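Notes follow once the structure below has been shown.
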Amino acid sequence: MRSAFTFILCALTTSAFASAGDKLPLGAVADRAVQQSKLTLPGSKAFHLKAEIVDTSDRSSDYKAKLEEFWVSPTKWKRTIESPDFSQMLVVNGEAVSEKNTGDYFPFWLNELVTAMVDPLPMLDALKQADMQIAKPHGSGSSTTCADLHARVDRWVICFEGDHGLIASVFTKGYAAEFKEYKNFGDKRVARRIVIDPEPGTTIEAHITELAEITQPDEQMFAVQQPTPPTERIKSVRVDEDTFRRLSLSSTEIWPPTGGGLATGGCAVYVSADRNGHIREAWPEGCDNIGLQDPLREMVKKWRLKPAISNGAPVQVEALLGFTFHTKVDNSNPLPELSDAEARKLATTIVEPIFPPGSAERGTEFIVQISVDETGKLTGVQNSHSVKDPVFLAAYAAVGKWHFKSYVKDGKPQYFHANLVFHMQ
């Protein structure tokens with residue numbers, strides 16, 4: 001389980017992508033969206049849910065799982081998760097908790113999707129406290145109204161669809177998901193497909209395959225014969241960067257020379273460490289030089305931490321980390337930079353972006369820079385041409401689903417950059 005979202009509201013500034021219509025408090029819009037779609041609110045219908053999680057970009061990867069949940073109330077439910085590297089059976093009955101785990105680490109990507117299914121807007125309390133307004137959600141289901149909240153390193157972009165104001169997408173550095181294919185369930189509308197893109201080129205989807213009301217709960221299903229001590233449960237806690245760095249026993253920063261781009265700038269990663277202090281995941285969260293994003297991720301994974309303790313029990317910890325890099329640009333062997341046409345010829349999967357209505361005039365040209373490694377894997381998408389935020393976010397979401405053949409030069413696969421060109425339709 002993941003701890004509650006926290007955020008320093010005084011650090012935020014905001015803007016709205018959509019300007020039509022009346023203004024409403026962001027907290028009220030967010031609360032209405034949650035009331036319409038969150039399955040696990042107090043007083044909600046008891047339900048039985050099954051879901052399958054797959055990596056749609058690589059069906060052979062280990063980013064896959066099956067989930068089943070029987071839910072009666074916030075204090076009585078049972079959830080089973082099965083994945084290649086981690087499985088869990090969790091039963092909650094009042095104060096009694098039974099937790100049986102196979103594997104010692106609950107993967108961040110899996111936790112993120114489970115959270116999105118049962119608590120799609122985990123930062124709701126923070127949004128309610130924010131003194132911010134956005135345009136009233138309006139239009140068809142394909143239209144969105146978004147709020148853009150900035151802090152020093154983090155950023156929240158939350159979008160609501162159509163007149164219903166349902167959650168269309170949430171983007172933060174540490175929790176991001178798209179909610180699709182809403183269908184009725186009792187008095188709620190529940191997204192049956194949830195999509196995350198933890199890194200460029202990797203798309204993981206959760207499909208709710210069954211969702212039915214439980215009319216006569218089997219009380220024996222929720223019986224806890226032997227409660228699991230807190231010290232044996234797996235819990236993930238998000239901490240701030242300073243706290244995370246104080247846990248570090250080794251935090252070496254060695255920046256390799258780069259074949260192009262900036263020699264000085266900033267990078268960020270979102271990291272998750274297990275209860276023994278090993279960093280198990282490091283996901284990209286933006287870099288001023290795309291070529292340094294993957295070396296940074298590999299560097300951070302070598303760090304060791306002191307085990308984190310919360311309420312006397314060891315916990316997994318997550319944090320957003322920011323870095324300032326200083327390196328050298330190796331001009332003797334610059335990376336190839338391909339044109340839009342050349343890059344598109346190498347692409348085996350192309351998803352064109354859907355730009356927010358009114359974000360630019362019809363025919364306006366937008367350029368974003370991508371980086372692709374020797375295997376054809378997309379490693380980064382950069383706003384190198386200062387495209388406006390709502391346009392870049394739409395392009396980023398689409399380009400993250402592209403796939404490529406390797407670029408071969410002189411008989412060898414080459415890492416390359418390319419400028420992709422899009423036009424407002």
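Using 0.36 nm times the number of residues separating H150 and Q225, minus their current alpha carbon distance, what extension gain do you get? The partial results should precede the final answer.
On the way: separation 75, 0.36 × 75 = 27.00 nm, distance 4.72 nm.
Gain on stretching H150 to Q225: 22.3 nm.
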| If R0 is 56 Å, what FRET efficiency do you get for S386 and D104 from their C-beta distance, rounded to 0.05? | 0.80
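Contour minus end-to-end for E337 and T364, with contour as 0.36 nm per residue of separation and end-to-end as the Cα-Cα distance? Before the final figure, lay out each step's value.
On the way: separation 27, 0.36 × 27 = 9.72 nm, distance 2.30 nm.
Stretched fully, the E337-T364 segment lengthens by 7.4 nm.
How large is the direction-averaged shadow of the alpha-carbon convex hull of the chain, in nm²? Mind showing how you got there, number by number?
Details: hull surface 85.8 nm².
Answer in nm², one decimal: 21.5.
Can you pull the Kirkwood radius for the stretch 255-355, inverse mean 1/r over Cα pairs, to one decimal in Å? Working shown, then result.
Values: mean 1/r = 0.0619 Å⁻¹.
After inverting the pairwise mean of 1/r, the radius is 16.2 Å.
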| query | Got a number for the accessible area of Y182? Probe 1.4 Å, square angstrom, nearest 10. | reply | 30 Å²
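Over the stretch 128-188, what percent of the accessible surface lies on carbon and sulfur atoms, probe 1.4 Å?
Details: 1120 of 2590 Å².
That fraction is 43 percent.
Could you rank D218, D131 by how accessible they are, 1.4 Å probe, largest area first?
Solvent-accessible surface, decreasing: D131, D218.
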| query | Does the stretch 132-268 come out rounded, prolate or oblate, given a ≥ b ≥ c as the square roots of the eigenvalues of its C-alpha gyration tensor, rounded meaning a/c under 1.5 and, failing that, prolate meaning a/b above b/c? | reply | oblate
| task | Take the solvent-accessible surface of the protein heavy atoms, probe 1.4 Å, and return the percent of it on the stretch 213-332 that carbon and sulfur atoms account for. | result | 48 percent
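Quote to one decimal, in nm, the extra length available between T324 and I354 on full extension: 0.36 nm per residue of separation minus the C-alpha distance between them. Write down the numbers at each step before the final one.
Values: separation 30, 0.36 × 30 = 10.80 nm, distance 3.30 nm.
Between T324 and I354, full extension yields an extra 7.5 nm.
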| query | For the chain, what is the charge dipole size about the Cα centre, in debye to the nearest 20, if Lys and Arg each add +1 at the Cβ and Asp and Glu each add -1 at the Cβ? | reply | 300 debye
| message | Can you find, among L67, F171, T144, the residue sitting farthest towards the positive end of the charge dipole of the chain, where Lys and Arg contribute +1 and Asp and Glu -1 at Cβ? | response | L67
| message | Could you report the accessible area of W255 in Å², rounded to 10, computed with a 1.4 Å probe on the protein chains as they sit in the structure? | response | 40 Å²
| note | Here, N311 and A96, labelled 7 Å along Cα→Cβ, have an inter-label distance in nm of 1.9 nm
| Among V408, V391, V239, whose mean-square fluctuation peaks in a Gaussian network model of the chain (Cα, cutoff 10 Å)? | V408
| query | Picking from G201, G259, G411, which is most flexible by a Gaussian network model of the chain using Cα springs under 10 Å? | reply | G411
| query | Roughly speaking, to the nearest percent, how much of the stretch 370-412's 1.4 Å accessible area is carbon and sulfur? | reply | 52 percent
| query | GNM, the chain, Cα, under 10 Å: largest mean-square fluctuation among L292, L247, L305? | reply | L247
| field | Å² per residue, accessible surface of the chain at 1.4 Å | value | 46 Å²
| message | Tell me the accessible surface of S248 in square angstrom (1.4 angstrom probe, heavy atoms of protein chains only), to the nearest ten. | response | 30 Å²
| said: Report the per residue volume, in Å³, of the convex hull enclosing the C-alpha atoms of the stretch 64-159. | reply: 180 Å³
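Take every DSSP beta bridge whose two residues both sit in the chain, then give the antiparallel share in percent to the nearest 5. The partial results should precede the final answer.
On the way: 111 of 118 bridges.
Here the antiparallel bridges make up roughly 95 percent for the chain.
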| task | Heavy atoms only, probe 1.4 angstrom, no DNA, RNA or ligands counted: give me E205, E82, E253, E68 ranked by accessible area, highest first. | result | E82, E253, E68, E205
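The values are calculated or read from the model by the stated rules, or taken from the named source; none is laboratory data. Bear in mind the structure is a predicted one, so any value in this text is a computation, not a measurement. Cβ coordinates were reconstructed from backbone atoms using ideal geometry, including for glycine residues, and neighbour counts include every protein chain displayed. Areas reflect the complete protein model, heavy atoms only, side chains present, ligands, DNA and RNA absent. Shrake-Rupley method; radii C 1.70, N 1.55, O 1.52, S 1.80 Å.
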